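First comes the structure, then the notes that go with it.
The values are calculated or read from the model by the stated rules, or taken from the named source; none is laboratory data. What you see is a predicted model, and the numbers here were worked out from it, not measured in a lab. Please note: Cβ atoms are built from the backbone with ideal geometry, for glycine as well, and neighbour counts cover all protein chains shown. All accessible areas refer to the heavy atoms of the entire protein, side chains included, with ligands and DNA or RNA removed. Shrake-Rupley method; radii C 1.70, N 1.55, O 1.52, S 1.80 Å.
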Amino acid sequence: METFDINGLKLYVSKEHRFGTDAVDLADFATPKPAQIIADLCTGCGIIPFLIVNKNPLKIYALDINKDAINLLKESIKINSLEAIIFPVLEDLKSITQIPRDSVDLVTMNPPYYKANDGFKREGQDTARHELLCNLDDCIAAAAKLLKYGGRLKMCHIPERITDVICTLRKYSLEPKVMRIMSNSKNEPRLLLIDAKKGGKAGTTIQLTVDN
């Protein structure tokens, strides 16, 4: 176990539960407003709650199915005295009972990107990268249940699954309002960031961003 300094806070990570640039990009894209109730699904070590906690949320639920990830997050919460703001939730997102339905202003989510048999597998990280315990439909359905009418889902995914993402969002009455495509220095798309509004009207803004 090691620690990272995140905005003056200490975040514990482990070999199995770490974070990458995608989570950092998503936290920057999320732009929560003060006093909002937020749920971070597939939270892992809790990097996104720790990156947005300084935006003065009323409450952040941090949900993951992995007991070791949640225990790691609990230690991070304890050492930073954040018990009144960040609430770890050990639960399967396919059957959430610990977060009230239609109660959340903002859901953030960095879900598994690859279908069960697709993509390069890394030892110890299969469930975080591949749809073994939940798939895209499960993740977006969970977000839709938690969000208030007019609430926002901010999520990231891989660009090659953009059609799957948009179709699934609309299936659950989540209308894509902003899509930001992050490209690398070779101008190759590397990450898709989406802002979707529950019950929103049609109309999407496309943003293109190139890494420095």
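Annotations
- Residues located in segment 191-210, provided they are open to solvent by 50 Å² or more (accessible area, probe 1.4 Å) and assigned to a loop (DSSP other than H, G, I, E, B): Lys201, Ala202, Thr204
- Failed item in (1) open to solvent by 10 Å² or more (accessible area, probe 1.4 Å); (2) at pLDDT 95 or above; (3) assigned to a helix (DSSP H, G or I), with Thr127 passing the rest: (2)
- Segment 28-40 - residue that is more than 17 Å from Ile77 (Cβ to Cβ) and of a type in the set (Gly, Ala, Ser) and, of those, least open to solvent (accessible area, probe 1.4 Å): Ala30
- Qualifying residue in segment 8-21 (condition: out of contact with any Gly (no Cβ under 8 Å at 6 or more places or on another chain), closer than 20 Å to Met155 by Cα and open to solvent by less than 80 Å² (accessible area, probe 1.4 Å)): yes
- Looking only at segment 41-87, residues that are open to solvent by less than 20 Å² (accessible area, probe 1.4 Å), assigned to a loop (DSSP other than H, G, I, E, B) and hydroxyl-bearing (Ser, Thr, Tyr) come to 1 in all.
- Restricting attention to segment 162-190 and to residues that are charged (D, E, K, R) and at pLDDT 95 or above, the residue that is surrounded by the fewest Cβ atoms within 10 Å (Cβ to Cβ) turns out to be Lys171.
- Inter-residue pairs, beta-carbon under 7 Å, first among the basic types (Lys, Arg) and in segment 90-111, second open to solvent by less than 80 Å² (accessible area, probe 1.4 Å) and assigned to a loop (DSSP other than H, G, I, E, B), 6+ apart: Lys94/Cys134
- When the criteria are applied in full, Lys154 meets the requirement of being touching a Leu at 6+ places or on another chain (Cβ under 8 Å) and among the basic types (Lys, Arg).
Conditions (1) in contact with a strand residue (DSSP E or B) (Cβ under 9 Å, 6 or more places away or on another chain); (2) without any contact (Cβ under 8 Å) to a residue 24 or more places away in the chain; (3) of a type in the set (Ser, Thr, Tyr), marked per residue:
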site: Leu133; (1), (2), (3): no, no, no
site: Ala142; (1), (2), (3): yes, no, no
site: His157; (1), (2), (3): yes, no, no
site: Ile162; (1), (2), (3): yes, no, no
site: Cys167; (1), (2), (3): no, yes, no
site: Ser185; (1), (2), (3): yes, no, yes
site: Arg190; (1), (2), (3): yes, no, no
site: Gln207; (1), (2), (3): yes, no, no
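- Residues that are open to solvent by less than 20 Å² (accessible area, probe 1.4 Å) and polar (S, T, N, Q) within segment 88-110 comprise just one, Thr108.
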